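Worksheet: one structure, shown below.
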């Protein structure tokens, strides 16, 4: 098979990233410029600052990705870019850059859905993984159970009705004094705590057995902290973190296994920033072993926002004949499977 190299560009939130991937599977370069230190000062991502930093870094990041891959722009077969969902200003930087490059170099342009990119991150390290399979997508802005029917066809079987899991992690981390970003900090501190110390709720959605809700457990943590303050009781930060994390992980794993069984799926992939959580990985691994289900998840560098996953999904879209026009625009609330 002829080698097909795709340049991926990602700027949906607070990482400016570019990567070159061959045939959707082999990562030739993966460059990420993080803004985390800047946004930590404000306790979360500031959209206007994120957009400005993308503008400052995007040209250098792309040049570095092409250089590391040993591939000049002329040898790139297609340019893929995240066009949604995400922060509209941040998305526009990447989309504008990709359109300019594609037009100037005479290359095909392929717009990629950010969450479909997260799913494709699993292809980068698991050569045996091919659709169909079930994917649990867990990030700061999204919590979905997605049936991956083919490389470019997806069906949502479950989603959150309010907060995403990663969003709840960030809010709880801030409430117990850990700061931003919440996910990695709660994961680290929870290792020192007792996950059974405090009984936080596991929400069920009536009539939607595979859907999620995390606003309740977040509120339960805040109420617990307020009660401790009113009673003058000390708060064990590690126990709160561990108990909260356990409540979230129980729900994520339980829904995923139940959906896989009902749908007859023998493979589950996990994707998104929260897929790097050690408790989620461990509990999902055990549950899959007991259920006879094969589990896949990416390395941590491919869990968080990166452009290699956008290039991977871009390759499969490109091979399926998808081409974006020069009117491609940022769509901050883009739905999975929407074109």
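Every number here is computed from the coordinates shown, using simple stated rules; none is lab data. Bear in mind the structure is a predicted one, so any value in this text is a computation, not a measurement. In this analysis, Cβ positions are derived from the backbone assuming ideal geometry, glycine residues included, and neighbour counts consider all displayed protein chains.
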(request) Any chance you could list the semi-axes, whole Å, largest first, of the equivalent ellipsoid that the Cα gyration tensor gives for segment 185-274, using √(5λ)? (result) 29, 15, 9
(request) Relative to the longest principal axis of the C-alpha atoms of the chain, give the angle of the C-alpha long axis of helix 215-231, reported between 0 and 90° and rounded to the nearest 10°. (result) 40
(request) On a 0 to 90° scale, report how tilted helix 278-291 is relative to the longest principal axis of the chain, with both axes built from alpha carbons and the result rounded to the nearest 10. (result) 90
(request) Mind checking the full-extension length gain between residue 161 and residue 327? Use 0.36 nm per residue of separation minus the Cα-Cα distance, one decimal, nm. (result) 56.6 nm
(request) Using 0.36 nm per residue of separation minus the Cα-Cα distance, give me the extension gain between residue 68 and residue 104 in nm, one decimal. (result) 10.8 nm
(message) As a test, work out the antiparallel percent of DSSP beta bridges whose residues both lie in the chain, rounded to the nearest 5.
(response) 60
(message) Suppose each label sits 7 Å from its Cα in the direction of the beta carbon; what would the residue 209-residue 127 distance come out to in nanometres?
(response) 3.9
(request) Take each of the peptides 71-78, 273-280, average the number of other beta-carbon atoms within 10 Å over its residues, and list them starting from the highest. (result) 273-280, 71-78
(request) Using per-residue counts of other Cβ atoms within 10 Å, averaged over each peptide, order 2-13, 174-185, 86-97 from highest down. (result) 2-13, 86-97, 174-185
(message) Given the chain, report the % of alpha carbon pairs whose separation exceeds 37 Å.
(response) 17
(message) Could you list 224, 123, 42 so that the one with the fewest beta carbons within 10 Å of its beta carbon is first and the one with the most is last?
(response) 42, 224, 123
(message) As I understand it, the value is the acute angle between the Cα axis of helix 308-319 and the longest principal axis of the Cα atoms of the chain; what does it come to in degrees, rounded to 10?
(response) 50
(message) Over the Cα atoms of segment 132-297, what radius of gyration and what Dmax do you get, in Å?
(response) 15.9, 56
(message) How would 113, 118, 126 line up from fewest to most surrounding beta-carbon atoms within 10 angstrom?
(response) 126, 113, 118
